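The values are calculated or read from the model by the stated rules, or taken from the named source; none is laboratory data. Being a predicted model, the structure only gives us computed values, none of them experimental. Ideal geometry is used to build each Cβ from the backbone, glycine not excepted, and the neighbour counts take in all protein chains shown.
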């Protein structure tokens, strides 16, 4: 194999291994020090910025990326090994067949879907040039193209990032059918083997949202390269209601990014990193109990960042630089965290009783994700059990608080605690998950008020 032939596919080969992917996508920062000199607002902004930039790869993220890179590598081997085929494909701009079925990457809001897409971009961030062949000059070697929908509405606007620069920059105007052909040709000429689409939620806001999203996704298929799109549960449910010919093409490769389980190595590694970054500035207390942090966030990283940063601001406003569990409790009960709290408690209630759940919280691929979903629901049930018995209290209770806790324990004495193998069986009094949540809420409010 010549050097040129090796260049087309070698860029993907090393990233077909999990270890190389994990190393390439991880983002670690430096611990925050001396935040006490900053105003509470500035210090909180620094904490939030650092946490959002930090990226600790999980096994699930690495696995999904590995699968997409493997598809890109396979496409590169099939279409760029033969120099004659390279030139033929470059000027034809398309291949026989219907194009690649996309990978649909979905998950709960805050589970890290966009972070996964950004991680993919980091792997292939180094630009390169390559010769098409003798007498054909050099072109950019396109490893991965990032397509963000943003405020774009028409197919012509949305597909432009996949086209040659003068078209992408709107210096040249072409028709929609011609644009699709031009995108396919440019991706072929530059060795494009993978692209990712994000921010579809902006398209889903119009009256004919599902129809428009479907048209856009089918247009991406016509580029005939391996690709994936990121979307939330709500949009997947809408796409599943489309005609079968569309859903078969667009939803045949689902990948769900489930939250990490509280007893997993991934969740432990994340909290370890947050503790390393923040313990010097806010103290180590809240990081000592990873399960309690999980219980108030359902394992969703975005909620974890909001819980930590808001609690830090609360501690600074009361004149302290150390975040305590009382600060966490106040944040969880606060108006600013209300929407998050309602989502967490809805997930917990559903894990116990089943029944209706909002579409943005309900996995649309249950049949292919049974084991992972059941593990997640089990941990949500355990979170409810822990909360109703202990209500996530601090280790030191005053006499009055202990009295409240004992009353709550006596109230719940008829209920067996769930374990990893069993669901919760409600007692004869038929107390519902809402009743238990309300009881825990009243208890927590009493603790916060210091009653």
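Count, please, the residues in region 234-250 that happen to be assigned to a helix (DSSP H, G or I) and more than 18 Å from residue 361 (Cβ to Cβ).
7
If I filter region 252-264 for residues that are in a helix (DSSP H, G or I) and either at pLDDT 95 or above or surrounded by 17 or more Cβ atoms within 10 Å (Cβ to Cβ) (or both), do I get at least one hit? Looking for residues that are in a helix (DSSP H, G or I) and either at pLDDT 95 or above or surrounded by 17 or more Cβ atoms within 10 Å (Cβ to Cβ) (or both), one finds none in region 252-264, hence no. Every test in (1) in contact with a helix residue (DSSP H, G or I) (Cβ under 6 Å, 6 or more places away or on another chain); (2) assigned to a helix (DSSP H, G or I); (3) surrounded by fewer than 18 Cβ atoms within 10 Å (Cβ to Cβ) is passed by residue 172 save one, and that test is (2).
The residues listed here are 125, 111, 76, 106; of these, the one that is buried (at least 22 other Cβ atoms within 10 Å of the Cβ), modelled with pLDDT under 95 and farther than 30 Å from residue 315 by Cβ is 76. The set of residues in region 337-357 being touching a helix residue (DSSP H, G or I) at 6+ places or on another chain (Cβ under 7 Å) and not in a helix (DSSP H, G or I) consists of 357 alone.
Here residue 251 clears all of (1) in contact with a strand residue (DSSP E or B) (Cβ under 9 Å, 6 or more places away or on another chain); (2) closer than 13 Å to residue 56 by Cα except the condition numbered (2). Filtered by the rule that a residue be modelled with pLDDT of 85 or more and surrounded by fewer than 14 Cβ atoms within 10 Å (Cβ to Cβ), region 1-13 gives a lone residue, 10.
Looking across 216, 197, one residue alone is modelled with pLDDT of 90 or more, over 30 Å from residue 10 (Cα atoms) and surrounded by 16 or more Cβ atoms within 10 Å (Cβ to Cβ). It is 216. Could you list, in sequence order, all residues of region 27-67 that are under 30 Å from residue 101 (Cα atoms) and either in contact with a strand residue (DSSP E or B) (Cβ under 6 Å, 6 or more places away or on another chain) or surrounded by fewer than 16 Cβ atoms within 10 Å (Cβ to Cβ) (or both)? Across region 27-67, the qualifying residues are 55, 59, 63, 64, 67.
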